[in-house]
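Just below is one structure, and these are the notes that go with it.
Throughout, read-outs are computed from the coordinates displayed, never taken from laboratory work. Bear in mind the structure is a predicted one, so any value in this text is a computation, not a measurement. Backbone-built Cβ (ideal geometry, glycine too); neighbour counts: all protein chains shown.
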């Protein structure tokens, strides 16, 4: 049997399998080309059998493939060329024009004369599968790229969060994050420490801060204000709420400012911060005190007196009451200064201020108008007797000598009294009236008092 | 049949030559350098192997198998744990471990070719010293428990098994696999007698 007849008789049955099959002689002459391959390649068996494979296709010319095929031609084990590592051995396309991916197994079969081996190539079309896998891999790569991007973004966010957390932790302000219902979601160290030091359990993460304010703020009006302000911001009705409030801590009364701002516009939730403003408050108080009080004696100055006087007059007008102004001037103060020096004079002024203050009710005002001139404002009196009683007390309070560096200094005082509404309708006429009465006392022998309306 | 240390050495040498040739081929074919070592070659009976590998009983394995027949009968296989198999494929295909039904084909194709190259190297090396041609069946890919893979091909518990542990290192990934050759009764004796001829001083 000649070679071709042998091949046809041996491999003819392979026309009926849906696998591409061809047979090569050791010299790469194509001996068999099955129907399936005719369809795939559009090359008829008659047109290709007998030709050298390398003249028709270049794919088997790679030395690496050649080496592996050599062992098959020597009767060695079958050799596999997978689609994953080689894509294809036959450069053919599908009807749709796509490359046909192939999984090829090459086996040794005895030659016609049994003296050598042919290589039988069975080529399996794995195009659909490969495309499905490629699509999957593409999808997977996309998903993995997206995942990577998300991981990067999360890492950036994490870094930002760390910076922010570090910042928040380093602040002395107490800061907490609330959700839209007022529940504490997160807070900084200062917040936690404040809660611990003042034993406020409701300031923990998870507690409702609105409930905490209601329960812990002693002043009901302030508590109501804080709750309403906080609620308005959390509900989105208010862009910012601030309230200054005093709070008694272990170290005394401190002042704080509570600020609430929305966390993210429109989403609800907010940031609450409490900043200690005690130092500022103290400074403010000091400035206010300095502006309204006499630096030497510490009692109200003319400015504060004017204010108190206006208020007292307004009140008296409203309720039909009387007000007395006692204009007091030290007798012979110049002599004290000349004799004992200005320090002595200052001591006398401070002592007099103190003694004057002791002669009136808490609701009354003793002010220094300048030099050795004082004024006592007695608000809400019903009777001029009230004024004369105080005046007598004042004159009497001067009886005791004032000690200065071992020397007893005898201060005396002359007082002129004016009464609202009898002697004037406003502060200035009343002051003038009292002043005039006082001069009458001075002229008449000092160290006593006189009403303006008295002859 | 007793095996002398010389015969074992020659067997090891044959396996090493075969593996070396395969690695040379893989290195040239793939883009990566592959380091493949065979630290241990052992000869056992099929029974002994069953006992030895019982610890692997529950582990899923993947095997590329190639039967050989004729007077010299048996099965050669390259067996990986499923994890190693996935790692190997993913390293070779530049990706993460692959899963899913369609992807089995991807794994199988790649593993089949790599296994084929390794087994062809080893069997070629053994075949070279045989005086007759071996008939091979097409390589197949199977997954399952160890005893259901290669060993199920042994028709007799007295069959001799050559077990060669292999360590591949590809792009710093270590992949462990076993080359298992089951020689049906008589086949291994044939091989040993041929080896003995190569060791004239041995007797």
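Structure values in brief
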quantity	calculated
Protection proxy ranking, peptides B:59-65, A:97-103, average beta carbon neighbours within 10 Å, highest first	B:59-65, A:97-103
Pairwise FRET efficiency - residue A:383 versus residue A:243, Cβ, R0 = 45 Å, nearest 0.05	0.50
Taking A:364, A:128, A:386 and counting other C-beta atoms within 10 Å, the order from fewest to most	A:128, A:386, A:364
Computed helical MRE - 222 nm, chain A, DSSP H runs ≥ 4 contributing -39500 (n - 2.57), nearest 500	-14000 deg cm²/dmol
Scattering profile of region A:167-319 at q = 0.17, 0.19 Å⁻¹ [log10 I(q)/I(0), Debye over alpha-carbon scatterers]	-0.95, -1.10
Which of B:29, B:66, A:139, B:198 has the fewest Cβ neighbours within 10 Å, and the rest in rising order	A:139, B:198, B:29, B:66
Chain A: angle of helix A:384-397 to the longest principal axis, Cα-based, in degrees nearest 10	90
Stretchable slack from residue A:311 to residue A:26, in nm (0.36 nm times residue separation minus alpha-carbon distance)	90.1 nm
Separation in nanometres of the label points that stand 7 Å from Cα toward Cβ, at residue A:442 and residue A:393	2.6
Antiparallel bridges, percent of DSSP beta bridges restricted to the protein assembly as shown (to nearest 5)	95
Degrees, to the nearest 10: B:187-198 long Cα axis against longest axis of chain B	70
Packing-based exposure ordering (other Cβ within 10 Å, fewest first) of A:170, B:4	A:170, B:4
Cα gyration tensor shape of region A:258-356, rounded if a/c is under 1.5, else prolate or oblate by comparing a/b with b/c	oblate
Listed peptides A:181-194, A:38-51 by packing density, highest first (mean Cβ within 10 Å)	A:181-194, A:38-51
Listed peptides A:147-155, A:237-245 by packing density, highest first (mean Cβ within 10 Å)	A:237-245, A:147-155
Contact order normalised by residue count of chain A, Cα under 8 Å, 6+ apart, percent	8
Nearest-0.05 FRET efficiency for residue A:280 and residue A:358, computed from C-beta distance (R0 25 Å)	0.15
Average silhouette area of region A:63-126, convex hull of alpha-carbon atoms, in square nanometres	4.9
Tail weight of P(r) past 49 Å, computed on alpha-carbon pairs of the protein assembly as shown, percent	56
Evaluated at q = 0.09 Å⁻¹: base-10 log I(q)/I(0), Debye formula over Cα of region A:19-162	-0.40
Cα-based Rg of region A:336-411 normalised by 2.2 N^0.38 Å, two decimals	1.20
Other protein chain Cβ atoms within 10 Å, averaged over every residue that makes up A:103-109	3
Förster-model FRET efficiency, 35 Å R0, residue A:172 and residue A:303, C-beta, rounded to 0.05	0.45
Chain A: angle of helix A:220-234 to the longest principal axis, Cα-based, in degrees nearest 10	30
Average beta-carbon neighbours from other chains, 10 Å sphere, peptide A:133-139	3
Prolate/oblate/rounded call for region B:103-193, Cα gyration tensor, a/c under 1.5 rounded	prolate
Chain lengthening between residue B:40 and residue B:69 when straightened (0.36 nm per residue, less Cα-Cα)	7.8 nm
Label point distance in nm, residue A:70-residue A:35, each placed 7 Å from Cα along Cα→Cβ	3.8
Binned Cα-Cα distance frequencies in region A:294-435 - 10 Å width, integer %	12, 44, 30, 11, 2, 0
Contour excess over end-to-end distance, with Cα ends at residue A:407 and residue A:425 and 0.36 nm allotted per residue	2.1 nm
Simple label model, 7 Å out from Cα along Cβ direction - residue A:15 to residue A:59, nm	2.3
Average other protein chain Cβ within 10 Å of Cβ, residues B:113-120	5
